[in-house]
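Bear in mind that the values in this text are calculations on the coordinates, not laboratory data. Note that the structure is predicted; figures quoted are calculated from it, not measured. Neighbour counts run over all protein chains shown; Cβ positions are idealised from the backbone, glycine included.
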Amino acid sequence: MTAGEHFLLLVRRGLRQRCPVCGRGKIFAGIFKTYERCPVCGFAFEREPGYYTGAMAVNLVVSELLIVIIAVPLAASQAVSVTILIILGSTIPILLPLIFYRPTKSLWMSFDHFIHPADTTDEM
Ligand SMILES: [Zn+2]
């Protein structure tokens, strides 16, 4: 498998929110709860303390970029009232990080696994 094919495989696993190692085990036990280990292969998902900080940063950046892309043109065009802008401005910054929580976390794990493949002797 080439590096490009391996990368696409990991992206597909990340989008499906599956284990980056085996591709079968689910990452999430609940809406926001992550399994400590893959239920299928036993891979430890949190590879080090603070491992998910990068996922949170990606989530924040993507959410804020989308807010800017949505809010600035709306405000500049004056197509909607100030009341609607305030409602959107107070709800979207809360909703987008919640919506992106699972995809950014699982994609973060996939990208990390591509850059730092699991050493099967000490992480399983
Ligand atoms: Zn697995």
Once residue 7 and residue 29 are pulled to full extension, the length gained, defined as 0.36 nm per residue separation minus their Cα-Cα distance, is 5.4 nm
Counting only residues 5 or more places away or on other chains, whose amide H sits under 5 Å from the amide H of residue 37 once H atoms are built in the peptide plane?
45
Pop out the ³J(HN,Hα) list for region 27-35 in order, Karplus 6.51 cos²θ - 1.76 cosθ + 1.60 with θ = phi - 60°, rounded to Hz; leave Gly and Pro as x.
7, 9, 8, x, 4, 10, 8, 9, 4
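Students often check this: by mean Cβ neighbours within 10 Å, which of 39-49, 68-78 ranks highest, and how do the rest follow? Show your work: numbers first, answer last.
Working: 39-49: 14.2, 68-78: 11.2.
Highest-to-lowest ranking by the protection proxy: 39-49, 68-78.
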Each residue of region 56-68 in turn: what ³J(HN,Hα) in whole Hz from Karplus with 6.51, -1.76, 1.60 and θ = phi - 60°, glycine and Pro shown as x?
5, 5, 4, 4, 5, 5, 4, 4, 5, 4, 5, 4, 5
If the label point is 7 Å along Cα→Cβ of residue 99, which residues in region 35-72 have backbone nitrogen under 16 Å from it?
59-72
Residue-wise, which Karplus ³J(HN,Hα) couplings in Hz belong to region 37-45, taking 6.51 cos²θ - 1.76 cosθ + 1.60, θ = phi - 60°, and x for glycine or proline?
10, 4, x, 9, 10, x, 4, 6, 5
Against the longest alpha carbon principal axis of the chain, how many degrees, from 0 to 90 and to the nearest 10, is the axis of helix 82-115 turned?
20
Helix 3-15 versus the longest principal axis of the chain: what is the Cα-based angle in degrees, 0 to 90, to the nearest 10?
60
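Only four residue types carry charge here, +1 at the Cβ of Lys and Arg and -1 at the Cβ of Asp and Glu. Report the dipole size of the chain about the Cα centre in Debye, rounded to the nearest 20.
Details: 11 positive and 9 negative charges, 105 e Å.
About 500 debye.
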